[in-house]
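Quick notes on the structure that follows.
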Amino acid sequence: MSKPAIEAARTSHTGVPWQERLFLLKHVTGSPVAELILNKTLLSLQQEKEFLHLLKQRETGAPLAVLVGSVEFLDFKLLLTPWVFIPRPETEQLLTRTLEELDRQPEVILELGTGTGALAIALAKEFPGAAIIATDLSPIALRLAKHNAENLGVSDRIRFIKANLFEFEEARDLKNNVDLLISNPPYIPTDNIPSLPPEVNDFDPPLALNGGPDGFRVVDRILNKTKGFLASGGLAAIEIDPALAEPLDAYAATSLLHFMKGVDNYGNLRFLFVRCS
């Protein structure tokens, strides 16, 4: 026996925000939100069971993207599997801010820590003539990134390589040739990780979060190699955390690199743009 879908959303697991309940109901039924609100969609017993299961998982902190197996990034959808870092609005902002900072069309792009492939795919769409290399240490992430690139028709423009940052054989050919180096690296201080929200701490891979004691460990490794990889006039764009302000200032005081900081939509320090002096 079926029941009105909207009634199930109104009465079930009310601790989950209303918009999230609608989002999950739309996922289960495949019906537009307008039809759901107008009470035009019926929920089968199997659909109701699935809907209630998703709501229960959401109450325990499971991210919406994990529950539905996909995430929107800019103007496209990425498939998502467990234990791959979920791209968030701040990384969308990193991409849009980076495009504003570029003073030329990049011919060679290197992404470090590609995850779902979000940034590499967005850049392949923006710069179809660019040669793009995207690295990640996680085989799970690389498989997913390749799959997303294939689904979105840009797999022929991106080379996905298993590597720890710059540590791959072809890297020697990129020295002094990279027009854009972009990364959303691990930047959470180790001691801060247990206090992260459950939907981050319990579902994002630790490898994508842990930036070492002060959060600066991976960013430091990237900056140490940046000068050797950037072409003349090239740009490095890195997502960072407000907690990195102090170690970053200490690094900048003795560096030959030129740094410019940027804030996210909430006014928090979030982006670092680097050029060679």
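The values are calculated or read from the model by the stated rules, or taken from the named source; none is laboratory data. Here the structure is a predicted model, which is why all the values come from computation and not from measurement. Glycine also receives a Cβ, built like all others from the backbone with ideal geometry; neighbour counts cover every protein chain displayed. The protein model used for the area step is the full one, side chains on, heavy atoms only, and it has no ligands, DNA or RNA in it. Shrake-Rupley method; radii C 1.70, N 1.55, O 1.52, S 1.80 Å.
At-a-glance table
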{"item": "Restricting region 221-277 to chymotrypsin sites (Phe, Trp or Tyr not before Pro) in coil, as DSSP defines it, with at most 12 other Cβ within 10 Å", "result": "TYR266"}
{"item": "Binned Cα-Cα distances of region 66-107, short to long, each 5 Å bin given as a whole percent", "result": "6, 19, 23, 18, 16, 11, 6, 2"}
{"item": "Cα-based shape type of region 108-185, given that a ≥ b ≥ c are square roots of the gyration tensor eigenvalues and the cut on a/c is 1.5", "result": "oblate"}
{"item": "Rg/Rh ratio calculated on Cα atoms of region 6-155 (Kirkwood radius)", "result": "1.07"}
{"item": "Kirkwood Rh and Cα Rg combined as Rg/Rh, the chain", "result": "1.03"}
{"item": "Sparse-neighbour loop sites [chymotrypsin sites (Phe, Trp or Tyr not before Pro); region 106-202; at most 15 other C-beta within 10 Å; DSSP]", "result": "PHE168"}
{"item": "Fraction of accessible area attributable to carbon and sulfur, the chain (%, probe 1.4 Å)", "result": "53"}
{"item": "Antiparallel content of DSSP bridges confined to region 139-277, in %, to 5", "result": "65"}
{"item": "Count, lysine Cα pairs under 16 Å in the chain, 8 or more residues apart or across chains", "result": "12"}
{"item": "Exposed trypsin sites (Lys or Arg not before Pro) absent - longest run of the chain, DSSP non-H/G/I/E/B, at most 16 other C-beta within 10 Å", "result": "176-277"}
{"item": "Dipole of the chain [Lys/Arg +1, Asp/Glu -1 at C-beta], most positive-end residue of SER183, ILE133, SER155", "result": "SER155"}
{"item": "FRET E, pair HIS258, ASP173, Förster distance 30 Å, beta-carbon r, rounded to 0.05", "result": "0.75"}
{"item": "Alpha-carbon Rg with Dmax, taken over region 181-271, Å", "result": "13.7, 43"}
{"item": "Charged-residue dipole, Cβ positions (Lys, Arg, Asp, Glu), the chain about Cα centre, Debye nearest 20", "result": "480"}
